[in-house]
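The values are calculated or read from the model by the stated rules, or taken from the named source; none is laboratory data. As the structure is a computational prediction, the values presented were derived from the model and not from experiment. Using ideal geometry, Cβ is built from the backbone for each residue, glycine included, and neighbour counts are taken over all protein chains shown.
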Amino acid sequence: MTGTFISFEGGDGTGKTTQINILAEHVRSDGLEVVTTREPGGTELGREIRQALLHGEDLSPRTEALLYSADRAHHVATVIRPGLERGATVMTDRFVDSSVAYQGAARQLGVDEIRSLNMWAVGGLVPHITLLLDLDPAVGAARLDREKDRLESAGSDFHQRVRQTYLEMARAEPDRFIIIDANRPISDIAEDVRAAYDRLR
Ligand code: TYD
């Protein structure tokens, strides 16, 4: 595969979508093909799974974990791998690390089990870099100016565990992760994101 694979991670309300769009513009202006996508819901099937996950009936933690990984398997097979094979720069809003933090740690299903499940689902695909937008969950929650979905409504302990797990993962894999302080103006964050991308090239 000749493309570049970049994932954006972080809690809810950290500004990942905004930053993906800014970086995508930058990369496109270099004349490269960019695919921006997200999980859950980067495919048609994924949008149905997303609806079930975020707005459907109550799910057991294991059911939730399997639905996120099923969404991801289909996303990798039909969007991410084909994009990378064409040589595109693929930027995804969330990937395997989201499940490790949310289902593995915060839902307490076990980080190793959830990582193995998802590595199987994606056939071992790992991003070239992962940009972790780090923010106090209380600040992130205050930024969400709409009704909360099922995951966003989980308590503050849940979101603290998500944040701590992301930081631990980043420390364990310093060559892949870049931690970015997301409690700053959008343009300052974008500068760090772009610098991380430029270093990769
Ligand atoms: P996201 O689409 O990032 O939220 P937004 O509605 O702000 O665009 O993600 C939806 C929720 O799903 C979010 O609370 C995080 C959660 N999530 C998991 O719990 N596990 C996962 O593997 C993924 C991809 C997301």
Query raised in the report: Pairs, please: C-beta under 7 Å, at least 6 apart or cross-chain, first residue farther than 19 Å from L132 by Cα and in the stretch 79-107, second outside any helix (DSSP H, G or I) and modelled with pLDDT under 95?
Result: L84/M1; E85/M1; G87/T2
Query raised in the report: L67 is checked against (1) more than 10 Å from the ligand (Cβ to nearest atom); (2) in contact (Cβ under 8 Å) with a residue 24 or more places away in the chain and fails just one. What number does that condition carry?
Result: (1)
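Which count do you get for residues in the stretch 50-66 that are surrounded by fewer than 19 Cβ atoms within 10 Å (Cβ to Cβ) and of a type in the set (A, V, I, L, M, F, W, C)?
Qualifying residue count for the region: 4.
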Query - Number of the condition not met by M1 [criteria: (1) more than 15 Å from the chain's Cα centre (by Cα); (2) assigned to a helix (DSSP H, G or I)] - result: (2)
Query raised in the report: Restricting attention to the stretch 177-201, and to residues there that are under 14 Å from L133 (Cα atoms) and of a type in the set (K, R), which single residue is nearest to the chain's Cα centre (by Cα)?
Result: R194
Requested in this report: Give the residue, chosen from G41, G31, G15, that is surrounded by fewer than 15 Cβ atoms within 10 Å (Cβ to Cβ) and on the phi > 0 side of the Ramachandran plot.
Outcome: G31
Query raised in the report: Of all residues in the stretch 1-25, which are touching an Asp or Glu at 6+ places or on another chain (Cβ under 9 Å) and away from the ligand (no atom under 16 Å from the Cβ)?
Result: M1, T2, G3
Query - Candidate set from the stretch 77-105 (those that are more than 25 Å from T18 (Cβ to Cβ) and of a type in the set (A, V, I, L, M, F, W, C)); member that is farthest from the chain's Cα centre (by Cα) - result: A77
Query - A170 part of a helix (DSSP H, G or I) and under 17 Å from the mean Cα position of the chain (by Cα) - result: yes
Query raised in the report: Could you say whether any residue in the stretch 155-164 is assigned to a helix (DSSP H, G or I), modelled with pLDDT of 95 or more, surrounded by fewer than 16 Cβ atoms within 10 Å (Cβ to Cβ) and touching a Pro at 6+ places or on another chain (Cβ under 7 Å)?
Result: yes
**Report entry** Single residue of the stretch 67-91 satisfying the filter (surrounded by 15 or more Cβ atoms within 10 Å (Cβ to Cβ) and of a type in the set (K, R)) that is nearest to S153 (Cα to Cα)
**Finding:** R72
Requested in this report: Could you tell me whether the stretch 22-45 includes any residue that is within 19 Å of S99 (Cβ to Cβ) and assigned to a helix (DSSP H, G or I)?
Outcome: yes
